[in-house]
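Peer 1: Please see the structure below; I have some questions.
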Amino acid sequence: MRFSLRRVGYMPKELEEGILYVSDEFDIAVHLCACGCGLRVKTPLGPTEWSVEETKDGPSLRPSVGNWQQACQSHYLIICGEVLWGKRWTPEQVAAGRRLEEERRLVYYEELERQRGTPLRKFWHWVKRLFVG
């Protein structure tokens, strides 16, 4: 199966197979599961979530899609419009992956807050780093 990209303002009620629908306004991409089960897969877009890259050969969606809570348990990447199948993960791998995602988000937003902080808050972070490491 190959995917093409369709930019939309709002997601259509009925989705077509092989189309990655992207709403820049709502920072979301939606598609029908690549395995053919008919599942509507929603991937939020953002610096700590998924990203979509438009190439001449088709869209790329990163990181991989893992439908671990669904019956199909599919795991795949969409790269330049092509579906690249990943291995099925164990429940332990899924839990570890979720922990890493949460840690990555926490680090990202802490750094963002630190950069946006008031001069007093920046000073406090500097003092804290002196004693914590």
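Peer 1: Using a probe radius of 1.4 Å on heavy atoms only, what accessible surface per residue do you get for the range 58-116? Whole Å² is fine.
Peer 2: 68 Å²
Peer 1: Compute the distance in nm between two label points, each set 7 Å from the Cα along the Cα-to-Cβ direction, one at residue 130 and one at residue 1.
Peer 2: 5.8 nm
Peer 1: Next up: Residue 23 to residue 8: extension gain in nm, 0.36 nm per residue of separation minus the Cα-Cα distance?
Peer 2: Contour length minus Cα-Cα distance gives 4.9 nm.
Peer 1: Let me ask something else about it. What distance in nm separates the two pseudo spin-label positions at residue 77 and residue 112, each 7 Å out from Cα along the beta-carbon direction?
Peer 2: 2.5 nm
Peer 1: If I take R0 = 25 Å and measure r between the Cβ atoms of residue 95 and residue 37 in this structure, what FRET efficiency does the formula 1/(1 + (r/R0)^6) give, to the nearest 0.05?
Peer 2: Details: r = 23 Å, r/R0 = 0.93.
FRET efficiency, residue 95 to residue 37: 0.60.
Peer 1: Sticking with this structure for a sec: Once you order the gyration tensor axes a ≥ b ≥ c over the Cα atoms, which shape class does the range 79-129 get: rounded for a/c under 1.5, otherwise prolate or oblate by comparing a/b with b/c? Don't jump to the answer; show the numbers that get you there.
Peer 2: Numbers: a/c = 6.23, a/b = 2.36, b/c = 2.64.
Oblate.
Peer 1: On the first, second and third principal axes, largest extent first, how far apart are the outermost C-alpha atoms of the chain in Å?
Peer 2: Projected onto its principal axes, the Cα set of the chain covers 54, 36, 27 Å.
Peer 1: How big is the antiparallel share of DSSP beta bridges in the range 13-133, given as a percent to the nearest 5?
Peer 2: Antiparallel bridges: around 95 percent, rounded to the nearest 5.
Peer 1: Also, quick follow-up: Can you give the helix-only mean residue ellipticity at 222 nm for the chain, where every DSSP H stretch with n ≥ 4 adds -39500 (n - 2.57) and the sum goes over all residues, rounded to the nearest 500 deg cm²/dmol? Don't skip to the end; give the middle numbers.
Peer 2: Values: 2 runs with 40 residues, N = 133.
One gets -10500 deg cm²/dmol as the mean residue ellipticity at 222 nm.
Peer 1: If you stretched the chain out fully between residue 64 and residue 103, how much longer would it get, using 0.36 nm times the residue separation minus the C-alpha to C-alpha distance?
Peer 2: 12.3 nm
Peer 1: If amide hydrogens are placed 1.01 Å from N in the peptide plane, which non-local residues have theirs closer than 5 Å to the one on residue 41?
Peer 2: Under 5 Å from the amide H of residue 41 lie the amide H atoms of 31, 32, 33, each far enough along the sequence or on another chain.
Peer 1: For the range 1-69, what D do you get in µm² per second when you plug the Kirkwood radius from alpha-carbon pairs into Stokes-Einstein at 10 °C and 1.306 mPa s?
Peer 2: On the way: Rh = 12.3 Å.
Translational D for this selection: 130 µm²/s.
Peer 1: Using a 1.4 Å probe over the heavy atoms of the protein chains, calculate the carbon and sulfur portion of the accessible area of the chain as a whole percent.
Peer 2: The nonpolar share, carbon plus sulfur, comes to 55 percent.
The values are calculated or read from the model by the stated rules, or taken from the named source; none is laboratory data. Owing to the predicted nature of the structure, the values given are computational and were not obtained by experimental measurement. Every residue, glycine among them, receives a Cβ derived from its backbone with ideal geometry; neighbour counts consider all protein chains shown. Areas reflect the complete protein model, heavy atoms only, side chains present, ligands, DNA and RNA absent. Shrake-Rupley method; radii C 1.70, N 1.55, O 1.52, S 1.80 Å.
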